[in-house]
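*Asks:* Attaching a single structure in structure tokens format; questions to follow.
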Amino acid sequence: MSPPKIYAPNIHLFAYQLRKESEPQKNNLQELFKKSENILKEFGINQTLDIQDKPGYRVELSAQQTEDDASIFFEKWSDSPITGIAYPVRIHDTFALALNVRRPEKNEQGIKTSDVDIDCFERLHPSDCWMPSQVNASLGQTLLLTLWYTPEKTWQFWNSREDQKKLKSLADKCLRAFIPENLETPPFYRSGELFGSPIFEYGIADELENYCHVLVWIFVTPETDTKLQEEYPNLVDIFCYRHKITQAYKLSRSVYKVLSHSYKAVKAEIAIVESLPDNKTLDASNLEDLKKTLNRIPSLNLSYVELIRDLNNYRLPLKINLQNYERELKLIQKKYPQEDLSFLENFADEKAHIFQEQIQADLDYFANGSDLLEKALNAIRGRVEIEQAERDRELQNTIQSVGTGIGVGVGVAGTIASSFTLAVDKVDKSWALPSREHLLLWPHPFFGAILVSCLFGGAFGWVAWAIARKVIKSSSQPKTVSGSQSAAVNRRLPEAD
């Protein structure tokens, strides 16, 4: 069985570049549109896109635009006929390019062109010129492949299960012919209907690293082609908001990874506080560790708060662009009340809202980290102050004891001085050294005086030290941090992913 023929295949590129203004009167206006000129050169078309920017929220950039058309048309009839349009526009802070290259439905004489094989899509993709790696649009791109299965067939029952399988197989083959063999084909995501014809979506928005968004739209009714042309500017806007939503979520995931590592650092600092003994005096090593923690926490907290702020900064643009996306859909729905737009609504309902909820959940998850760091900082400060005050009192106690000892020493010295005369007076009198006849004798009064003085001095010194110790111990109770601080610090943090 020979492969099916297709009619009038089209490639539509919707690419989006964030506007940058690095210097006054200078921006990257030309970057994206130069890429489109390079794509056209691959087809032998030397077309310059003459564009100019001006103030406004939505500005059509073609310098040659007429009152009712801002598209730039081009064609090439030699060899294989190629025609198409370029539609440059700026949407707020984003340059958008819609570029269409197609095999025309009719030739120069107005005669219908012949059907072609599916591998025509390969010929419409020279040098991989349409791929994201070549276009390199900062906010991403959508590739839309359109074709007629046959121009005459009405396909009244195209949505039967058997016909759905045939159309899905046809879409897969077209995509496989379009994507170079050396590149991976984006995975199939879902199928649906738009403007009366089946449409197939490839590429999953959650897979942010290698996301390539491709749509294959198989026309089975002329109304589909007509509505596509009528709503072309709206589709440019819809895909713009879609990619800004996806990009905001992608950037939020980058912040999430860094924030997760920072959160683990927060847990490590909290663990230091949790490990402190409540009713035990800290040794010099513990006290030094706490002082180092005091130096680390402020900078860690500042970095942590900035990451939370960055994550929150992506939540707002995602929300705004989701509202814009839904607004554009409502405009189309108002124009076509009977049209089923669920295929486009699906992204808002199943993806964008989930992205928004995920960022909010992340913010809630990490929010208590900064509060706990502040409480841990206060707890450590309180503990260090208590320990330092106790050590100061211990020093004071030691000084008092030493002072008492010095006083006793002075007393002893005085006693020695006053007792020296006793030693002199008794040398030739009744006192003598012990002998065999008198082994046990009372000590010389000199030594007795010294012994008694030392005993009294030591006793008074000990009493003074004990009283000071008791006063210090009673004044330092309790030695633990306050109940609110202790509860905050000892509360366990949830595990980070």
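*Asks:* With +1 on each Lys and Arg Cβ and -1 on each Asp and Glu Cβ, and nothing else charged, work out how big the dipole of the range 7-230 is about its Cα centre, in Debye to the nearest 20. Could you put the intermediate results ahead of the total?
*Replies:* Working: 24 positive and 35 negative charges, 22 e Å.
Approximately 100 debye in magnitude.
*Asks:* Using 0.36 nm per residue, how much length does the chain from K291 to D93 gain when fully extended, once their Cα-Cα distance is taken away?
*Replies:* Details: separation 198, 0.36 × 198 = 71.28 nm, distance 4.83 nm.
Going from the current span to full extension adds 66.5 nm.
*Asks:* Test of understanding: ordering F95, F178, F73, F347 by Cβ neighbours within 10 Å, fewest first, what list do you get?
*Replies:* Ordered from fewest to most neighbouring Cβ atoms within 10 Å, F95, F178, F73, F347 come out as F73, F347, F178, F95.
*Asks:* Once a ≥ b ≥ c are taken as the square roots of the eigenvalues of the Cα gyration tensor of the range 7-230, is the result rounded (a/c under 1.5), prolate (a/b larger than b/c) or oblate (a/b not larger than b/c)?
*Replies:* Numbers: a/c = 1.74, a/b = 1.41, b/c = 1.23.
Prolate is the answer for the range 7-230, as a/c is 1.5 or above and a/b outweighs b/c.
*Asks:* Measure off 7 Å from each Cα along the Cα-to-Cβ vector at E75 and Q338, then give the distance between these two points in nanometres to one decimal.
*Replies:* Taking the two extended label points, one gets 3.4 nm.
*Asks:* Under 8 Å for C-alpha pairs, at least 6 residues apart: give me the relative contact order for the range 245-388, rounded to a whole percent.
*Replies:* 45 percent
*Asks:* OK, next. Which of the listed residues, I320, S191, S299, is farthest toward the dipole's positive end in the range 180-322, when Lys, Arg count +1 and Asp, Glu count -1 at the beta-carbon?
*Replies:* Among I320, S191, S299, the one farthest towards the positive end of the dipole of the range 180-322 is S299.
*Asks:* While we're here: Of S252, S78, S342, how do they rank once you tally other Cβ atoms within 10 Å and put the fewest first? Please report the intermediate quantities before stating the final value.
*Replies:* Details: S252 24, S78 7, S342 11.
Final ranking by Cβ density, sparse to dense: S78, S342, S252.
*Asks:* Please identify which residues in the range 176-215 have an amide N closer than 13 Å to a label point set 7 Å out from the Cα of K257, following the Cα→Cβ vector.
*Replies:* 208-210
*Asks:* Which of T146, T83, T113 comes first, and how do the rest follow, when ranked by fewest Cβ neighbours within 10 Å?
*Replies:* T113, T83, T146
*Asks:* List the pairs from K319/K351; K5/K173; K112/K168; K250/K319; K76/K112 whose alpha-carbon separation is above 21 Å, in the order I gave them.
*Replies:* Result: K112/K168 exceed 21 Å.
*Asks:* Moving on. Quick one: if the Förster radius is 41 Å, what FRET efficiency do I45 and S160 give, using the C-beta to C-beta distance and rounding to 0.05?
*Replies:* Efficiency at R0 = 41 Å is approximately 0.50.
*Asks:* Can you give the relative contact order of the range 7-230 as a percent, counting alpha carbon pairs under 8 Å and 6+ residues apart?
*Replies:* Over the range 7-230, the number comes to 22 percent.
*Asks:* Assuming 0.36 nm per residue, please report the length gained on full extension of the stretch L183 to T113 beyond their Cα-Cα distance.
*Replies:* 22.1 nm
The numbers here are math on the coordinates, done by the rules we state, and not lab data. Computed from a predicted model, the values in this text were never measured in an experiment. Every residue, glycine as well, gets a Cβ built from its backbone with ideal geometry; the counts of neighbours run over all protein chains shown.
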